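These notes are about the structure you will find just below.
The values are calculated or read from the model by the stated rules, or taken from the named source; none is laboratory data. None of the values given here were measured: they were computed from a predicted structure. Cβ sites come from the backbone with ideal geometry, for glycine too, and all protein chains shown count toward neighbours.
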Protein chains: 2
Amino acid sequence: MPSALPKLAKTAEVSGFILERTAKRMKQFFHAQLTLAAADITIDQWIVLQTLESGSAQSQYEIARQTFKDAPTVTRILDLLEQKKLITREDDPNDRRRYNVRLTIHGRQKIKDILPVIKQARLQAWHGLEDEEMSTLVRLLDKVYDNLK
Amino acid sequence: MPSALPKLAKTAEVSGFILERTAKRMKQFFHAQLTLAAADITIDQWIVLQTLESGSAQSQYEIARQTFKDAPTVTRILDLLEQKKLITREDDPNDRRRYNVRLTIHGRQKIKDILPVIKQARLQAWHGLEDEEMSTLVRLLDKVYDNLK
DNA sequence: TGCAAATAATTGTTATACTAACTATATTTG
DNA sequence: CAAATATAGTTAGTATAACAATTATTTGCA
């Protein structure tokens with residue numbers, strides 16, 4: 001029976017596709033929930049806001065690192081968040097190349113308003129997955145991630 | 001011990017992030033491999049080419065459905081592939097709204113040239129994952145995908 | 001038959017991503 | 001200390017992606 005090898009190759013062929021498809025759908029879904037809630041921010045803007053929420057101000061470099069976005073992308077997302085008055089850029093007194101990016105009060109309020117929407121969306125996304133399945137999924141995805149470093 | 005519930009919430013919080021991170025890295029990696037091989041196409045253009053490879057000409061609607069891209073995205077990717085003379089759009093004699101999209105000889109050659117690069121990249125991406133792990137991953141991703149329909 | 005609804009594709013707008021090139025400032029090192 | 005190098009951030013160009021609106025054509029049904 002010569003089907004073992006072809007089957008393996010076939011799996012590798014579709015897995016990348018399934019991965020991308022799911023990630024895309026997830027993004028679409030969260031984006032749709034934000035639109036529905038009239039959140040007036042995108043999911044990527046949300047990711048940046050949430051990164052800032054931990055407390056202290058952060059450089060754009062640090063934001064890029066934590067969100068896995070690149071520097072130009074962070075620049076533009078921050079431009080939009082600044083327009084919406086959700087963040088400010090302050091000059092860093094110790095390094096004049098840098099900004100310290102901070103949430104405004106308005107930005108903190110936005111997070112408070114939107115968090116329930118995000119939590120609800122997460123519930124739906126992971127519905128029916130056991131605890132153990134979740135950690136298996138994360139473990140396998142991390143393995144792939146490490147393979148591509 | 002009150003850690004069971006928080007741990008669950010925490011997992012749901014990071015899983016979407018891990019999923020997106022891995023999908024993004026995968027895309028970056030394949031894109032980098034194509035660039036390295038001077039393939040002169042992007043990964044999304046590759047996905048469309050590969051969809052066309054099965055043989056018969058296809059409508060843009062069909063390409064969109066199979067690749068999970070939307071119609072405008074397919075239109076623009078095909079514009080680029082047409083510029084590069086890798087595909088042609090022929091009028092469909094039975095339905096004047098449609099095009100039959102076909103690979104050119106040049107397009108078929110491009111696939112032949114690039115396939116080894118893609119196969120090698122797949123090997124690296126899925127390195128160290130058992131057969132069973134692969135199918136588990138696909139099963140779990142599909143479950144999430146279905147949750148978001 | 002005739003008209004409303006559905007379908008295929010395009011165009012326009014906004015956002016994200018990658019690359020490259022650029023400015024300004026800091027750091028290293030010879 | 002000065003020159004080379006590295007780092008932080010921005011700008012520009014191209015590609016992908018979602019959404020909405022538009023055009024042309026076909027289908028469905030009264």
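I want to confirm something. Restricting to region A:50-65 and keeping residues that are within 14 Å of another protein chain (Cβ to nearest Cβ) and crowded, with 16+ Cβ neighbours inside 10 Å, which single residue is nearest to DNA strand C (Cβ to nearest atom)?
Filtering region A:50-65 for residues that are within 14 Å of another protein chain (Cβ to nearest Cβ) and crowded, with 16+ Cβ neighbours inside 10 Å, the one nearest to DNA strand C (Cβ to nearest atom) comes out as A:64.
Would you check if residue B:35 is in a helix (DSSP H, G or I), in contact with a Ser or Thr (Cβ under 8 Å, 6 or more places away or on another chain), β-branched (Val, Ile, Thr) and modelled with pLDDT under 95?
In short, no.
Assess whether residue A:123 counts as being more than 16 Å from the chain's Cα centre (by Cα), within 14 Å of chain B (Cβ to nearest Cβ) and not aromatic (Phe, Trp, Tyr).
The answer is yes for residue A:123.
Could you list all residues from region B:68-99 that are surrounded by 15 or more Cβ atoms within 10 Å (Cβ to Cβ), touching a Phe, Trp or Tyr at 6+ places or on another chain (Cβ under 9 Å) and charged (D, E, K, R)?
Selection gives B:89, B:98.
Scan region A:81-90 and tell me whether some residue there is part of a helix (DSSP H, G or I) and touching a strand residue (DSSP E or B) at 6+ places or on another chain (Cβ under 9 Å).
Scanning region A:81-90 turns up at least one residue that is part of a helix (DSSP H, G or I) and touching a strand residue (DSSP E or B) at 6+ places or on another chain (Cβ under 9 Å).
Find the residue count for region A:26-49, including only residues that are within 14 Å of another protein chain (Cβ to nearest Cβ), within 26 Å of residue B:146 (Cβ to Cβ) and within 13 Å of DNA strand C (Cβ to nearest atom).
11
What do you reckon, is residue B:104 modelled with pLDDT of 95 or more and at negative phi?
In short, yes.
Inside region A:20-46, can you point out the residues that are away from DNA strand D (no atom under 12 Å from the Cβ) and touching a residue at least 24 places away in the same chain (Cβ under 8 Å)?
Result: A:37, A:39, A:40, A:41, A:45, A:46.
Can you work out which of the residues in region B:91-134 that are in a strand (DSSP E or B) and farther than 22 Å from residue B:31 by Cα is farthest from DNA strand C (Cβ to nearest atom)?
Step by step, filter region B:91-134, then rank; the result is B:102.
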